[in-house]
Amino acid sequence: TLLGVICTDLPISPSALQSMLLHATSRSFNCISVDGDMSTNDTLYMMANGAIETDIITESSPYFNSVQEKVVDFSQKLAQLIVRDGEGATKLVTVNVRNSLNFEDAKVVAESISNSMLVKTALYGEDVNWGRILCAIGYAKLGDVRSLDVTKLKVSFVATDNSEPNELVLIENGVPQVNINESRASEILALPDIKIVVDLGTGKEECNFWTCDLSHEYVTINGDYRS
Amino acid sequence: KRAMNTVDKYSLYVPKSGVFPKCLKVASIASGIKKNGNLDLGIILNTHESLNGASLAGVFTTNKFQAAPVVVSKNVLEQQQGHNINAIVINSGCANAVTGEVGMHDARDMVQSVNSHIGRANSTLVMSTGVIGQLLPMEKVKNGIDKMFLRKGSTFGEDYSSWLNLAKSITTTDTFPKIISSRFTLPNGVQYTLTGIAKGAGMISPNMA
């Protein structure tokens, strides 16, 4: 279960606060997955008590966007901590789907990869198994079939430690790269933070989704949770 | 073997200090819900005196089986239209989910108990996490709430240690408490603070609305 509370001392009207929280949630807490299971109790609150003396922030306030941006960034950091602590997790994985026809399908593709047990176990095993990623993209339940054009698809691992070459292309224009640099792949996959970039090439929208690897420990923890 | 050789996530991801919003106090206690005696009950309290109290927004699970605290809190938020919510009470160790009318009564009882202590009606929201399908040990929960408010010197604090303990009190299988905070400046030069706590390690794929 996810529970969270974000507090601020700004004065924010309830409707502006609700709008801000929804916007942030759709780009943070609703873009994480540890095991693909949705709880009966997931709840996130945001409280603004107005203890700071300044004009109340409403949707039309000149400061609304600035505060909302901070809340999005803040929510993403908090949400990522949950994924880092995923049961048995050893890696934080960012799935970045870009150049999508629309945001919704970018998220559907990112979520499909993030919830694939075979992708997650491959990441735990540090196995550069692009086939599983491709498979998860292929069965994603897209809202618009035009979002995926297999001849435009590009999939890469991107190093998160600024080492070079930064990008390891696995699939380009829908064609798997047959001569993948396996030693470079091993270096990238050995990092505690992994980034998978999927370029759909069908539009301009982008979604980031955060997941973790799946290890033996997950089973150990959840085999007898009730007791 | 790699997963067993756990990284010390606590030292990596738990900050050693923080900044916290003005006029917010928090408390936590080991009420006995958790069998291991760990912290399991916490309260966030707005102490800023204003006509409308604090504003509050919420997003909730879209699972069709919504736990009692979700249903009760949604009702409070709707009635208050996000105005004048001044406390949040949270327990871990028992989710109070799929517990029927008894669970609904217990969630309302938790809210009412805090409302009574702060002397404001309809001013508290509730969250629960833990095992599904078990009833809350309400005597322990209510005693815990009473102790937090009535203990000599009060257990409510606004310092780092109080917030860290609050973050700990809502954890279940988490290996570290999640707490972050930052101070920002508005274009008019006014400084404000964001502080966040969260919990979660498994059954995580939220779609809240």
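Read-outs: derived from the displayed coordinates by stated rules, not from any lab. If you're wondering where the values come from, they're calculated on a predicted model, not measured in any experiment. Cβ placement follows ideal geometry from the backbone for every residue including glycine, while neighbour counts extend to all protein chains displayed.
So here's what we get for this one:
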quantity	calculated
DSSP-defined beta bridges in the protein assembly as shown - what % are antiparallel, rounded to 5	70
Nitroxide proxy distance, nm - points 7 Å out along Cα→Cβ at B:VAL19 and B:ASN36	3.4
Loop trypsin sites (Lys or Arg not before Pro), region B:122-177, which have at most 11 other Cβ atoms in a 10 Å radius of their Cβ (DSSP)	B:LYS152
A:TYR139-A:ASP161 pseudo-label distance in nm [points 7 Å out on the Cα-to-Cβ vector]	3.4
Overall form of region B:1-125 per C-alpha gyration tensor (a/c, 1.5; a/b vs b/c)	oblate
Antiparallel %, DSSP beta bridges [both residues in region B:85-209], to 5	55
Residue pairs, from the table A:LYS154/B:LYS16; B:LYS142/B:LYS168; A:LYS107/B:LYS22; A:LYS70/B:LYS147, whose Cα atoms sit over 31 Å apart	A:LYS154/B:LYS16; A:LYS107/B:LYS22; A:LYS70/B:LYS147
Charge sum, other residues only, whose C-beta stays under 13 Å from B:ALA87's C-beta, Lys/Arg counted +1 and Asp/Glu -1	+2
D_trans [Stokes-Einstein, Kirkwood Rh over alpha-carbon pairs] for chain A, 25 °C, 0.890 mPa s, µm² s⁻¹	129
Most positive-pole-ward Cα, B:LEU164, B:VAL141, B:SER181, against dipole of region B:140-185 from beta carbon charges	B:VAL141
Cα gyration tensor shape of region A:64-127, rounded if a/c is under 1.5, else prolate or oblate by comparing a/b with b/c	oblate
Cα-centred dipole magnitude for region B:129-174, charges only on beta-carbon of K, R (+1) and D, E (-1), debye, nearest 20	200
Taking A:THR211, B:THR155, A:THR25 and counting other C-beta atoms within 10 Å, the order from fewest to most	B:THR155, A:THR25, A:THR211
Label point distance in nm, A:LEU22-B:ARG120, each placed 7 Å from Cα along Cα→Cβ	2.4
Cβ-based charge dipole, region B:54-209, positive-most Cα from B:GLY202, B:THR155, B:GLY100	B:THR155
Å³ per residue enclosed by the Cα convex hull of the protein assembly as shown	147
Per-residue average of Cβ from other chains inside 10 Å of B:127-136	4
Cβ crowding within 10 Å averaged over residues, with B:14-20, B:176-182 ranked highest first	B:176-182, B:14-20
A:GLU182/B:VAL131 FRET efficiency (R0 45 Å; Cβ-Cβ; nearest 0.05)	0.50
Nearest-20 debye value, region B:86-202 charge dipole, Cβ charges on Lys, Arg, Asp, Glu	240
Prolate/oblate/rounded label for chain B (Cα gyration tensor, a/c 1.5)	rounded
DSSP-defined beta bridges in chain B - what % are antiparallel, rounded to 5	75
Per-residue average of Cβ from other chains inside 10 Å of B:43-51	3
Dipole axis of chain A (+1 Lys, Arg; -1 Asp, Glu on Cβ), positive-most option in A:LEU123, A:VAL198, A:LEU92	A:VAL198
Using alpha carbons only: equivalent-ellipsoid semi-axes of region B:62-182, gyration tensor based, whole Å	22, 19, 16
Computed magnitude of the charge dipole of chain B (debye, nearest 20; Cβ of K, R +1, Cβ of D, E -1)	560
